[in-house]
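Novice: Here it is, the structure, as structure tokens.
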Amino acid sequence: MAQADQAAFLIDGESYYRAVAEAFEQAQRSIYILGWDVDSRVQLCRDNDQEETFRQLIDRLARAKSKLQVYILEWDFAVFYSLEREFWSQVSFGWMTHERVHFELDNTHPAGASHHQKIVVVDESLAFVGGFDLASFRWDTSEHLPTNSQRRDNDQAYGPVHDVQMLVKGETAKKLAEIARWRWERATGVSLSPVDDGVSEVWPGSVDCDFSQQSLALLRTMPAYIDELEIREIEKFYLQAIEQAERFLYFENQYLSSHQIGNALEQSLQQKEGPEIVLVLPRHCPGWLEEGTMGVLRKRLHHRLQQADAHQRLLFCYPDREGLEDDVIIVHSKLLVADDQLLTVGSANLSNRSMIFDSECNIALSADGDQQRAEVIAGLRNRLLAEHLGCSRQQVTEALEETGSLLAVIEQLGSVERSLKELPLEGELSDWQALPGELIADPEKPIGFEQLLEYFGFATEAGEEDEQSTKPRGRHFFLALFIAVLLGALWRWSPLNEWLNVENLLAAADYVRESPLSIPIVLTIYLVGSCLMFPINLLILATALGFGSVTGFFLALSGSLLGGLASYLLGRWLGRGAVQKLAGKKVNRLSRKLARRGWLTVALIRVVPVAPFTLVNMVAGASHISARSFIVGTAIGMCPGILAIVIFEQGLERALRNPDWQTLGAAVLALVGGVLVLLAGKKLLFKKSERDHG
């Protein structure tokens with residue numbers, strides 16, 4: 001518990017982004033920013049002629065205020081999110097800003113988890129907590145118009161978004177600063193000193209205080225990690241609030257998939273006397289991936305709660321307004337109001353992840369029978385309903401006093417222009433049950449890499465396959481090997497070989513480099529090319545020609561790993577059990593011996609290429625070599641070869657584009673340098689192998 005001298009609710013992005021920008025302008029000593037996503041390109045204030053970005057704002061303030069230190073800690077995100085995030089955030093924040101702007105990525109969490117806390121602290125006296133990241137595609141006004149020229153980030157328009165943030169001042173902000181400093185030290189090993197007292201008062205000029213001099217609770221979710229015990233304060237609060245509620249439970253959330261929350265709601269609905277339950281959710285999850293995972297999990301729980309609602313006290317609904325057509329208002333807020341007695345706002349979704357596995361932070365207020373606090377809690381609920389229904393807060397208050405029912409108020413005050421519509425349960429039950437999605441989309445515990453492969457059907461041990469499935473799997477495996485060998489022969493000896501000339505490589509490299517989607521295109525080429533037996537060395541050379549030494553090296557390595565993993569998984573899926581049964585005991589014993597040396601075996605095969613890249617990958621997938629060893633060995637073993645090709649490329653490109661004795665001589669020297677690097681890598685790996693074998 002901590003005292004808040006002042007506090008306010010900031011509803012929707014226009015209010016929050018303006019308030020946080022005003023607070024930054026007043027900062028003197030420190031700014032802490034913790035986020036699931038942070039984007040340097042986002043524009044915080046959008047109703048003036050200035051187009052200052054977030055990065056430009058903090059850079060200007062750091063240069064103007066000699067004592068100001070800015071610390072930005074972003075989750076080191078999973079690859080699934082790479083296309084919707086700023087790709088070079090470390091460059092934007094780390095290299096293109098003042099030296100007192102510090103940016104780090106935080107990966108100190110269990111496998112499969114994320115850092116989802118959304119906290120901003122200014123001078124350790126003012127703090128923001130809620131559902132907002134300082135990121136793209138979050139800003140909107142409370143009107144949630146179908147089209148809005150200001151609702152545009154990174155040259156891309158997007159649909160309406162609804163979210164809620166809390167602003168607190170005083171001791172509560174100091175406690176949030178402690179969380180931020182702890183997270184920073186945990187991620188970087190660097191301890192930050194607290195700001196001395198005496199910093200000037202900070203409060204955004206555009207924000208009216210909603211309440212003052214009240215005790216607030218800070219609630220967290222933190223997974224068990226190394227020697228740290230798990231913390232599940234948010235889940236405990238939600239379960240107690242559901243159990244204690246007598247009249248109303250009002251939720252706004254992006255997701256609904258938590259087992260524990262679902263069980264508690266089901267028990268509440270089964271009681272003869274209990275609260276009305278209103279769940280405000282987005283009609284659809286944004287994007288096909290989320291809709292096919294978290295959306296399916298929500299439908300399962302929706303169906304289950306519908307079945308339990310014998311007394312007609314449940315409403316699943318989504319905000320709608322005239323003119324949206326196929327677009328939806330994305331509900332991104334995460335809050336609960338229980339009766340007029342309990343309130344929580346924060347970063348936690350109603351998912352297994354947020355309750356157990358990801359890092360989260362919420363703020364909670366309890367009335368404890370105090371009339372003033374009860375009015376604050378009810379006031380926020382009524383204010384949100386007024387926004388969704390397109391009416392005044394006073395109208396909501398009066399209608400609720402008259403009817404005594406949230407369900408009646410929603411039905412009575414909704415209009416054609418704005419309303420909360422009942423969320424339809426679309427699709428077939430069999431479709432929802434087909435996805436065992438909790439494992440990946442909404443886990444409760446760390447996910448091992450082998451477990452991830454097993455989820456997708458690639459990690460089945462031979463003993464788990466029955467005899468009937470082994471023979472067709474074996475035929476498929478050897479058919480795939482035959483096709484791979486055939487493709488390799490075609491690339492080498494058929495007319496296709498004439499296409500693989502230097503001029504075509506240079507032209508293709510130039511074309512791809514100029515594309516705004518150059519990186520995804522290159523990685524896709526590696527993925528497809530690996531499966532089609534395209535010569536990997538030519539792909540690496542084309543990448544080096546197109547992107548230069550440094551970028552070309554990392555792109556080639558990433559592409560090789562991606563393409564290698566794809567054909568490894570293909571080999572494992574097609575043939576692991578079949579090869580073990582068809583190859584005989586001797587080959588299986590040899591496979592197990594190779595597996596004992598793991599990544600080193602794979603690395604040696606890479607520097608001494610006994611077979612084409614794709615064939616090695618497929619056979620490795622069908623052997624006892626683990627996926628982890630395969631990836632590590634491929635990364636280590638490919639590095640000398642890629643580095644050699646990149647070095648050779650420097651001279652080769654100059655010789656090809658401007659052939660003369662000088663450039664040809666440089667090409668020969670580059671070739672020699674590349675060969676020396678390859679031989680050095682090969683020698684180191686053989687020495688390592690000999691030591692391990694001895």
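Bear in mind that the values in this text are calculations on the coordinates, not laboratory data. None of these values were measured; they are calculated from a predicted model. When we count neighbours, we look across all protein chains shown, and the Cβ atoms used for this are built from the backbone with ideal geometry, even at glycine.
Novice: Which order do the peptides 150-157, 105-112 come out in when sorted by mean C-beta neighbours inside 10 angstrom, highest first?
Specialist: So the peptides 150-157, 105-112, ranked by packing, come out 105-112, 150-157.
Novice: Going by average Cβ density within 10 Å per residue, which order do the peptides 116-124, 265-273 take, highest to lowest?
Specialist: The peptides rank, most packed first, as 116-124, 265-273.
Novice: For the range 278-417, build the convex hull from the C-alpha positions and give me its volume per residue in Å³.
Specialist: Once divided by residue count, the hull of the range 278-417 is 135 Å³.
Novice: Report, in cubic angstrom per residue, the convex hull volume of the C-alpha atoms of the range 117-257. Don't skip to the answer; put the middle values down first.
Specialist: Values: hull volume 28.8 nm³, N = 141.
Looking at the range 117-257, the number lands at 204 Å³ per residue.
Novice: Could you check how many percent of all C-alpha pairs in the range 2-196 are farther apart than 22 Å?
Specialist: Numbers: 8626 of 18915 pairs.
More than 22 Å apart: 46 percent of the Cα pairs in the range 2-196.
Novice: Tell me, what is the Rg over Rh of the range 208-306, with Rh the Kirkwood radius over Cα pairs?
Specialist: Across the range 208-306, the Cα-based Rg/Rh ratio is 1.03.
Novice: Please report Rg over Rh for the range 275-324, where both radii come from the alpha carbon positions and Rh follows the Kirkwood definition.
Specialist: Working: Rg = 12.6 Å, Rh = 12.2 Å.
Result: Rg/Rh = 1.03.
Novice: Provide the three semi-axes, in whole Å and in decreasing order, of the ellipsoid equivalent to the range 208-257 as defined by the square roots of 5 times the Cα gyration tensor eigenvalues.
Specialist: Sorted largest first and rounded, they come to 25, 19, 12 Å.
Novice: Compactness ratio of the range 142-193: Cα Rg over 2.2 N^0.38 Å, N = residue count? Write out the running numbers ahead of the final one.
Specialist: Details: Rg = 18.1 Å, N = 52, 2.2 N^0.38 = 9.9 Å.
Cα-based Rg divided by the globular estimate yields 1.84.
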